[in-house]
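Enquirer: This is the structure I want to talk about, given as structure tokens.
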2 protein chains.
Amino acid sequence: MDFDLIIKGGTVLPMTPGRAAIRDGAVAVRGGAIVAVGPAAEILAQAPAAEVLDAGGGLIMPGFVNTHTHLAMTLLRGVAEDLPLKEWLEAHIWPAERALMNADTVELGTRLAAAESLQAGVTCVCDMYFHAARVAETVAAAGLRAVVPESLIDFATPSCPTPEIALERQRALLERYRGHALVVPAVASHSPYSVSAANLVKEAELAEEFGAPLVIHLAETRWEVEKITAEKGVTPVAYLADLGILSDRTVAAHCVHVSDDDLGLLAEFEVGVASNPVSNLKLGSGVAPVPQMLARGIKVAFGTDGAASNNTLDLLRDAQLAGLLYKGLSGDPTCMPAHSLLEMLTIGGARVLGLADRIGTLEAGKRADLICVALDRPRAVPLFDPFAHLAYAARSADVRHVVVDGRVVVRDRELLTIDAPALLADVRAVTETVRAGVSG
Amino acid sequence: MDFDLIIKGGTVLPMTPGRAAIRDGAVAVRGGAIVAVGPAAEILAQAPAAEVLDAGGGLIMPGFVNTHTHLAMTLLRGVAEDLPLKEWLEAHIWPAERALMNADTVELGTRLAAAESLQAGVTCVCDMYFHAARVAETVAAAGLRAVVPESLIDFATPSCPTPEIALERQRALLERYRGHALVVPAVASHSPYSVSAANLVKEAELAEEFGAPLVIHLAETRWEVEKITAEKGVTPVAYLADLGILSDRTVAAHCVHVSDDDLGLLAEFEVGVASNPVSNLKLGSGVAPVPQMLARGIKVAFGTDGAASNNTLDLLRDAQLAGLLYKGLSGDPTCMPAHSLLEMLTIGGARVLGLADRIGTLEAGKRADLICVALDRPRAVPLFDPFAHLAYAARSADVRHVVVDGRVVVRDRELLTIDAPALLADVRAVTETVRAGVSG
């Protein structure tokens, strides 16, 4: 039987345990799944392919997994900068969000985020926003794999006037997207300080009923820890553990201010931690103890957070920055070695999202989510070790081809699923109203 | 009289004090110098131009100034990674350097660095390496502005068997390149711990005789501070001050471990500080107190350091990282605001190198060193403020055109002065010997 697609002409980095790089390797795809990984000569001899993608002497590897973002917030990129956190959030981001965000603009911002993500080599994201049905449609059309939750807060959101309506929307989403090829429907509760204990428990029950991820912000700022500790007598992590809602399906974003006991709970309940190094630095929130999490076997990987606090969705840049940050702060250049960073960008991210059986490595049986990284710029020579190159020298601009679920979505750095010039024009037109407010 | 070159079709950011962005602006160049900056309609009405460069709706701004690097060490990019500092340096970098570096390979590595720098929007660098005569020829041919010193250490270097010969070579370089359009000849002393007091004084006298920059590594590691303090009874900064060799022509790289008194000396003697955030983090050296330096009025800007410890010459990335780092470590999101970062990348870097009368801003009378930054990718929309865009969202891959001293050296992201494919092939061939050593 013929292959649908063969990716060849480069060095394959399968990211499977113990499997070395395959020089002049190839990956064969059928029905959206990887069916063979090996030397190109062997793969090409097995069967012809309907489509061939040439890596042009670059690297062929799993796509990057962005474990935490707010896709549609690309529309608020750069709307306010260099301000104290409270002023930034309350005087700028929230008003802009209220003024701008409806189902149509969420769709537009999500499409912009999908375009940016795919071109940066990100093949899977975990979103956390509103109007989730529109988000799901949009990422599916763009060909981006995504965990898509509708978010619940104890007050009105852009899509749900009440938490009760949010719960209904969440259930509808979980039913509609069950078993979807690209969209993993999920539940999101904003945070321990903005959702009541009763609603948090309802959320966890809903997620459990559907075996769905439960996404939540957790221990992001010192303020949050002080508030919860004052009100509940325990840390935010312990509070969620006491409520019985932590599980191996929990995706906890941030976990910056966590105690040693908190780390023990995250490990015990097999919580997935989405660390957002750039956003945490930019907002002055702090630095999460990621090396300590890794040492304790906690599932931890990186997220960009939303573009309002990053300002990009360039996960490779953020992971590289994290690697440097932890070496510098620990004073230990052996901390966070290159291969470990690359694992976090791929299979580590898949584990955090509960998708390690489907994506994160290149091996037969997994879905075909992969990227080709070009080695055609001066920064790519000399190249002694591909992992070191990716961890310290490569840039997202080097991502040349992107395949998600077996579909070529970026070829020669250009999007095949989105009309980029039209998209950029649409965003400029819609955000002109926000700009007028900013300038005025 | 006609213009040689007009750059138009974008928003001009002159980076001059108080001068706002010029929408639909233009820059006119004659004889390598800027002769007019203003609205495009006005400039175009003044005279025709032999050559027109279109920014395609992007930003037109001064090129970036890399205040500290070791150009030829691009050949050692990634040769050893994730190792303790002493092992990395003594068991890998030094042996590879001894095996690989001669006049021809220094030329090759310098050409590679020039290619990478120009494509990343860097129009001026401060080098610190050996075989300076070859470095000077190479950067001049590439069209890159550079401060080029021959380096002195108290033992044999790849180019000079003794310090006495290094002093002779330094004098010859200073004489030969006096008044050169692109090359600023300079003196480099490796560090307070590797050059004797007598030689440091001779170096400073030579630099003073020619009015040349004196480049030196200073207070990079805790080890250095402890060693100098034990031997001299004062900190490395105070030791150089006591020797009488600090001046407004000193370019001091690193200054990570500096006391409050050291900061006072750096301010008093108007020393230029080249901070290398990525290298300092990657080697576990620490974090320089850059915000404190800025607060005290010390001239401070960014450098990449050599590619062996970075691993790129992507100064924009490094400055962005520094901005995030200082916000995060201080817990204050107002620290290192966008405009301040952009000043450090341009006019601030020029000040550190003593070149602020020649480069760093776009204004009549300065040399024409400028870049056009494209706004054609998803990360460029929406765009509320160009400085915030450059500080948080732009990538060096967005650098589309580069002009140095009035010469177009990069057009549509391609080098005009260097045959990039041939260069990459040459580097791969030469470093194959190093790779064999690494693998073996």
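Enquirer: Scan region A:215-225 residue by residue and report those that are in a loop (DSSP other than H, G, I, E, B), at negative phi and within 19 Å of the chain's Cα centre (by Cα).
Expert: Within region A:215-225, just A:Glu220 meets the criteria.
Enquirer: Might you check whether a residue that is of a type outside the set (Gly, Ala, Ser) and under 30 Å from A:Asp4 (Cα atoms) occurs anywhere in region A:321-343?
Expert: Yes, region A:321-343 contains a residue that is of a type outside the set (Gly, Ala, Ser) and under 30 Å from A:Asp4 (Cα atoms).
Enquirer: Restricting region B:311-332 to residues that are part of a loop (DSSP other than H, G, I, E, B) and either within 21 Å of the chain's Cα centre (by Cα) or more than 7 Å from every other protein chain (Cβ to nearest Cβ) (or both), which is surrounded by the fewest Cβ atoms within 10 Å (Cβ to Cβ)?
Expert: The first filter runs over region B:311-332 and keeps only residues part of a loop (DSSP other than H, G, I, E, B), leaving B:311-314, B:331-332.
Those still in the list that are either within 21 Å of the chain's Cα centre (by Cα) or more than 7 Å from every other protein chain (Cβ to nearest Cβ) (or both) too: B:311-314.
Working: B:Asn311: 27, B:Thr312: 25, B:Leu313: 32, B:Asp314: 28.
So, considering only residues that are part of a loop (DSSP other than H, G, I, E, B) and either within 21 Å of the chain's Cα centre (by Cα) or more than 7 Å from every other protein chain (Cβ to nearest Cβ) (or both), the one surrounded by the fewest Cβ atoms within 10 Å (Cβ to Cβ) is B:Thr312.
Enquirer: Right, here's the next one. Applying the selection to region A:226-249, what residues are in a loop (DSSP other than H, G, I, E, B) and surrounded by 14 or more Cβ atoms within 10 Å (Cβ to Cβ)?
Expert: Selection gives A:Val234, A:Thr235, A:Ile245, A:Leu246, A:Ser247, A:Arg249.
Enquirer: Now, a different point. Which one of the conditions (1) in contact with a strand residue (DSSP E or B) (Cβ under 7 Å, 6 or more places away or on another chain); (2) over 30 Å from B:Val410 (Cα atoms); (3) within 14 Å of chain B (Cβ to nearest Cβ) does A:Ala374 fail to meet, given that it meets all the rest?
Expert: (2)
Enquirer: What's the number of the only condition in (1) among the aliphatic types (A, V, I, L, M); (2) closer than 28 Å to A:Thr138 by Cα; (3) not in a loop (DSSP other than H, G, I, E, B) that A:Ala26 fails to meet?
Expert: So the condition that A:Ala26 fails would be (2).
Enquirer: I'd like the full set of residues that are of a type in the set (D, E, K, R) and more than 30 Å from A:Pro95 (Cβ to Cβ), limited to region A:302-347.
Expert: Start the filter on region A:302-347 by keeping residues that are of a type in the set (D, E, K, R), which leaves A:305, A:314, A:317-318, A:327, A:332, A:343.
Correct list: A:Lys327, A:Asp332, A:Glu343.
Enquirer: Still on this structure: Within the group A:Arg351, A:Arg358, A:Arg377, which residue is surrounded by fewer than 24 Cβ atoms within 10 Å (Cβ to Cβ) and under 15 Å from the mean Cα position of the chain (by Cα)?
Expert: Criteria check complete, one pass: A:Arg351.
Enquirer: Do we find that B:Ala212 is in the same structural domain as B:Gly272 (by TED's automatic domain parsing) and either modelled with pLDDT under 95 or not in a loop (DSSP other than H, G, I, E, B) (or both) in this structure? Don't jump to the end; show me each part of the working.
Expert: Working: in the same structural domain as B:Gly272 (by TED's automatic domain parsing): yes; either modelled with pLDDT under 95 or not in a loop (DSSP other than H, G, I, E, B) (or both): no.
Against the criterion (in the same structural domain as B:Gly272 (by TED's automatic domain parsing) and either modelled with pLDDT under 95 or not in a loop (DSSP other than H, G, I, E, B) (or both)), B:Ala212 does not qualify.
Enquirer: A follow-up question, please. Only one of these is under 20 Å from B:Ala301 (Cβ atoms), aliphatic (A, V, I, L, M) and out of contact with any Asp or Glu (no Cβ under 9 Å at 6 or more places or on another chain): B:Ala212, B:Ala253, B:Ala186. Name it.
Expert: Among B:Ala212, B:Ala253, B:Ala186, only B:Ala212 is under 20 Å from B:Ala301 (Cβ atoms), aliphatic (A, V, I, L, M) and out of contact with any Asp or Glu (no Cβ under 9 Å at 6 or more places or on another chain).
Enquirer: Under the condition of being within 17 Å of the chain's Cα centre (by Cα) and assigned to a loop (DSSP other than H, G, I, E, B), which residue from region B:266-287 is farthest from A:Asp398 (Cα to Cα)?
Expert: First, pick out the residues of region B:266-287 that are within 17 Å of the chain's Cα centre (by Cα): B:271-280.
After this cut, where a residue has to be assigned to a loop (DSSP other than H, G, I, E, B) as well, the list is B:271, B:276.
On the way: B:Val271: 38, B:Asn276: 24 Å.
Step by step, filter region B:266-287, then rank; the result is B:Val271.
Enquirer: Given the residues A:Val404, A:Val381, A:Val399, which is the only one that is β-branched (Val, Ile, Thr) and facing chain B (nearest Cβ under 8 Å)?
Expert: Testing whether each residue is β-branched (Val, Ile, Thr) and facing chain B (nearest Cβ under 8 Å) leaves just A:Val381.
Enquirer: Looking only at residues in region A:143-170 that are in a helix (DSSP H, G or I) and surrounded by 23 or more Cβ atoms within 10 Å (Cβ to Cβ), which one is farthest from the chain's Cα centre (by Cα)?
Expert: A:Ala166
Enquirer: Hey, does region B:10-25 have a residue that's modelled with pLDDT of 95 or more, surrounded by 16 or more Cβ atoms within 10 Å (Cβ to Cβ) and farther than 20 Å from B:Glu343 by Cα?
Expert: For region B:10-25, residues modelled with pLDDT of 95 or more, surrounded by 16 or more Cβ atoms within 10 Å (Cβ to Cβ) and farther than 20 Å from B:Glu343 by Cα: absent.
Enquirer: A follow-up question, please. Check A:Val430 against each of (1) among the β-branched types (Val, Ile, Thr); (2) facing chain B (nearest Cβ under 7 Å); (3) surrounded by fewer than 24 Cβ atoms within 10 Å (Cβ to Cβ) and name the one condition it does not meet.
Expert: (2)
Enquirer: Let me ask something else about it. Condition check: within 13 Å of another protein chain (Cβ to nearest Cβ), in contact with a helix residue (DSSP H, G or I) (Cβ under 9 Å, 6 or more places away or on another chain) and either surrounded by fewer than 19 Cβ atoms within 10 Å (Cβ to Cβ) or within 22 Å of A:Ile216 (Cβ to Cβ) (or both). Does A:Ala308 satisfy that?
Expert: Spelling it out, A:Ala308 is indeed within 13 Å of another protein chain (Cβ to nearest Cβ), in contact with a helix residue (DSSP H, G or I) (Cβ under 9 Å, 6 or more places away or on another chain) and either surrounded by fewer than 19 Cβ atoms within 10 Å (Cβ to Cβ) or within 22 Å of A:Ile216 (Cβ to Cβ) (or both).
Enquirer: Can you tell me which of A:Ala338, A:Ala295, A:Ala301 is more than 13 Å from every other protein chain (Cβ to nearest Cβ) and surrounded by fewer than 23 Cβ atoms within 10 Å (Cβ to Cβ)?
Expert: A:Ala295 is the lone residue from the list that is more than 13 Å from every other protein chain (Cβ to nearest Cβ) and surrounded by fewer than 23 Cβ atoms within 10 Å (Cβ to Cβ).
The values are calculated or read from the model by the stated rules, or taken from the named source; none is laboratory data. All figures in this text were calculated on a predicted structure; none of them were measured in a lab. Positions of Cβ are backbone-derived with ideal geometry, glycine not excepted, and every protein chain shown enters the neighbour counts.
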